[in-house]
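What follows is a set of notes on a single structure, which appears directly below.
The values are calculated or read from the model by the stated rules, or taken from the named source; none is laboratory data. Values in this document were obtained by computation on a predicted structure and should not be read as measured data. All Cβ positions, glycine included, derive from the backbone under ideal geometry; neighbour counts span all protein chains shown.
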Amino acid sequence: MSEDLHTLSGAFALDALNESEAEQFRNHLLGCTGCALEVSELREAAALMGSIESRPVPESLKARVLAVADRTPQLPPRVTSLDSVRRRSWLTAAAGIVAAAVVVAGVGVGISRLGDDEVPLAGGVSQVFDASDAHTAQVSTDRGSVSVAVSSSTGRVALDVRDLEPLDDEHVYQVWALDENGGTPTSMAVLSGGPGASMPLPESGTRLALTVEPAPHSKVPTTTPFIEVDPSTV
Amino acid sequence: MADAALRLVPSAGGVDVDQLLTRVARGDSQAFEWLYDELGASVYGLARRVVRDPSRAEDIAQEVFLEVWRKAARFDRNLGKGKTWVLTIAHRRAVDAVRRNEAVKRSDLHGAPDDVVHDQPGEAVIAAEEHGEVRDCLDTLTELQLESVRLAYFNGYTYNEVATLLGKPLSTIKTRMRDGLIRLRDCLEGAA
C-alpha cells in the first residue's frame, strides 16, 4: 500500500488527486522525507512546464494587485513546531508576566485551524470577549469550566480555558467543529498550555467540541468530547 | 543614494525571486512590485491556460499575488524555489476554479485530447531560452506520458478522469504521470 501511495507523487505534483487522496498523500509525506523531496522536484518540473504558457498580462491588473496588497495585512512566519509554542508560553509565564497580560496580548493560543494558513497564530481572544456585541456563556464540566464568547462584528468565537484543569506534557486540549450532518470533525485549535483560543465563527448548525488529545495534536478526535457548544445559542 | 534593493534586479534579467520573496515577507512593497513584474506573465498565462476565460484568469492571478503577499513569510526555500512556490499556488487556484465549474469541464471533456496534445500556447508568448528547453524536454516524453501530464496539469483533470478519458487503467496513468515528470525533471537538469 505504501509503495502504491508513493507512485501517486506525480499525480500529486500535478494537483491531479481528489481532496481525500491528496489528504492521504500529504499524511504519507509527513513520514517520508524521500517522497517530499521527490514531490518538490516534480513540482518544479511541472512549474517550468506551466511557465511556458506565460503571456502578457492586461495592464490594469498590476495596479489592482498592488492596491489590494497595500491594504492587506501579512501573515507572520510559521513557528517551528507546536512544542516550541508550548514551551514559549510556559517560559513567558515563568518570566512572571501576569496571566491577564497574556490574555490581552492573545499570546500562547496555540494553532488555529491546523494546516490552514488563513488564521493568524495569535488568536485575539480578548478582542472577542471585549467586543461590544459579544455574547458570553460559561460551561461547567468535571474538568473545570470554559467561557465562550461569540461576536458577530468580529465574526469570531473565543474560548477562555484558564479554569480548566491543566494537562500533563503528553496531552493537549483540542477544539473541533462538528457539522450538523455528522461529517468528519475539523480541527479548529490546539490549546497548548495557552489561556484560550479564538477562531472564525463556524457555519450555523456547527457545534464546537473540546477533547483531550495526545500531544502534539490529533487529526481526528480520539476521545469523547467533554464539552459541546453550539455558538448560535451563546 | 544607491538603494541596495536595486542590486536585486540585474539589467539582463535573472531576477532572484527567492531574495525578492524574503523582502516581500518584511512588507517591502517595492520588492512585491518587482516580483509581480517578474512572475505576472507566468501566473496569468498558466491561469488562463487552465481556466481559459481571460477575465477569470485575471481574477485568479490577483488572488495568487495576494496570497503570495500574505504568505511570503511562510515561504520556505528549503522546500523548493520561489518561482515554483508561486506557480504551485497559481496552478492550485486555477485547478480549483475549474473543478468548481463542473459544467464547463464536462463540455470540455469531448474535445480534450486533441485540444491538449496539439495545443500551442497563445500568441505573443514571451520568448525565453528556458521555454525552448522545456519544449525540447517535453518532446522526450512518450505520447502517453505527455498526454497524461498535460491533461492533468493544463485541464485540471484528476488522474482518475484522465484514465477514463484515455481508456487506460488507473495504475497505468498514475505511473505515466510520475515517469513523465521524472523524465522532464531529469532532462531539464541535464539542460541546465
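For segment B:121-153: of the residues being buried (at least 17 other Cβ atoms within 10 Å of the Cβ) and among the charged types (D, E, K, R), which is modelled with the lowest pLDDT?
Among them, the one singled out is B:Glu133.
Looking only at residues that are without any contact (Cβ under 8 Å) to a residue 60 or more places away in the chain and in contact with a Lys or Arg (Cβ under 9 Å, 6 or more places away or on another chain) in segment A:177-211, which one is surrounded by the most Cβ atoms within 10 Å (Cβ to Cβ)?
For segment A:177-211, the residue satisfying everything is A:Ala177.
Could you go through segment B:19-32 and let me know if any residue there is in a helix (DSSP H, G or I), facing chain A (nearest Cβ under 7 Å) and charged (D, E, K, R).
No, segment B:19-32 contains no residue that is in a helix (DSSP H, G or I), facing chain A (nearest Cβ under 7 Å) and charged (D, E, K, R).
Looking only at segment A:156-165, count how many residues are in contact with a strand residue (DSSP E or B) (Cβ under 6 Å, 6 or more places away or on another chain) and not in a strand (DSSP E or B).
Residues meeting the conditions: 3.
Looking at A:Leu29, A:Leu91, A:Leu61 in this structure, which one is under 22 Å from B:Leu21 (Cβ atoms) and either in a helix (DSSP H, G or I) or modelled with pLDDT under 90 (or both)?
Selected residue: A:Leu61, the only one of A:Leu29, A:Leu91, A:Leu61 that is under 22 Å from B:Leu21 (Cβ atoms) and either in a helix (DSSP H, G or I) or modelled with pLDDT under 90 (or both).
Could you list, ordered by first residue, the pairs with Cβ atoms under 9 Å in which the first is in segment B:166-192 and at the interface with chain A (Cβ under 7 Å from one of its Cβ atoms) and the second is in a loop (DSSP other than H, G, I, E, B) and among the small types (Gly, Ala, Ser), at least 6 apart or interchain?
These pairs meet every condition: B:Met177/A:Ala16.
Touching a Ser or Thr at 6+ places or on another chain (Cβ under 7 Å), hydroxyl-bearing (Ser, Thr, Tyr), surrounded by fewer than 22 Cβ atoms within 10 Å (Cβ to Cβ) and assigned to a loop (DSSP other than H, G, I, E, B), is that true of A:Ser147?
Criteria not met by A:Ser147.
Looking at segment B:74-88, can you tell me whether even one residue there is modelled with pLDDT of 95 or more, assigned to a helix (DSSP H, G or I) and hydroxyl-bearing (Ser, Thr, Tyr)?
Within segment B:74-88, one or more residues are modelled with pLDDT of 95 or more, assigned to a helix (DSSP H, G or I) and hydroxyl-bearing (Ser, Thr, Tyr).
Considering only segment B:48-57, state which residues are within 9 Å of chain A (Cβ to nearest Cβ) and within 15 Å of the chain's Cα centre (by Cα).
Within segment B:48-57, B:Arg48, B:Arg49, B:Val50 meet the criteria.
List every residue pair whose Cβ atoms sit under 8 Å apart, with the two residues 6 or more apart in sequence or on different chains, where the first one lies in segment A:11-39 and is touching a residue at least 40 places away in the same chain (Cβ under 8 Å) and closer than 14 Å to B:Tyr157 by Cα and the second, anywhere, is among the basic types (Lys, Arg) and assigned to a helix (DSSP H, G or I).
none
Among what's in segment B:68-98 and is surrounded by fewer than 20 Cβ atoms within 10 Å (Cβ to Cβ) and among the charged types (D, E, K, R), pick the residue that is farthest from the other protein chains (Cβ to nearest Cβ).
Among those that are surrounded by fewer than 20 Cβ atoms within 10 Å (Cβ to Cβ) and among the charged types (D, E, K, R), it is B:Arg77.
Give all pairs with beta carbons closer than 6 Å in which a residue from segment A:212-229 that is in a loop (DSSP other than H, G, I, E, B) meets a residue that is of a type in the set (Phe, Trp, Tyr); count only pairs at least 6 apart in sequence or on separate chains.
Filtered contacts from segment A:212-229: A:Pro221/A:Trp176.
Taking the residues in segment A:159-176 that are among the β-branched types (Val, Ile, Thr) and under 16 Å from the mean Cα position of the chain (by Cα) as candidates, determine which candidate is surrounded by the most Cβ atoms within 10 Å (Cβ to Cβ).
Of everything passing the filter in segment A:159-176, A:Val175 is surrounded by the most Cβ atoms within 10 Å (Cβ to Cβ).
On the given criteria, is A:Leu37 part of a helix (DSSP H, G or I) and either surrounded by 19 or more Cβ atoms within 10 Å (Cβ to Cβ) or within 7 Å of chain B (Cβ to nearest Cβ) (or both)?
No, not satisfied.
What number goes with the only condition from (1) outside any helix (DSSP H, G or I); (2) within 20 Å of A:Arg43 (Cα to Cα); (3) more than 8 Å from chain A (Cβ to nearest Cβ) that B:Tyr157 does not pass?
Answer for B:Tyr157: the failing condition is (3).
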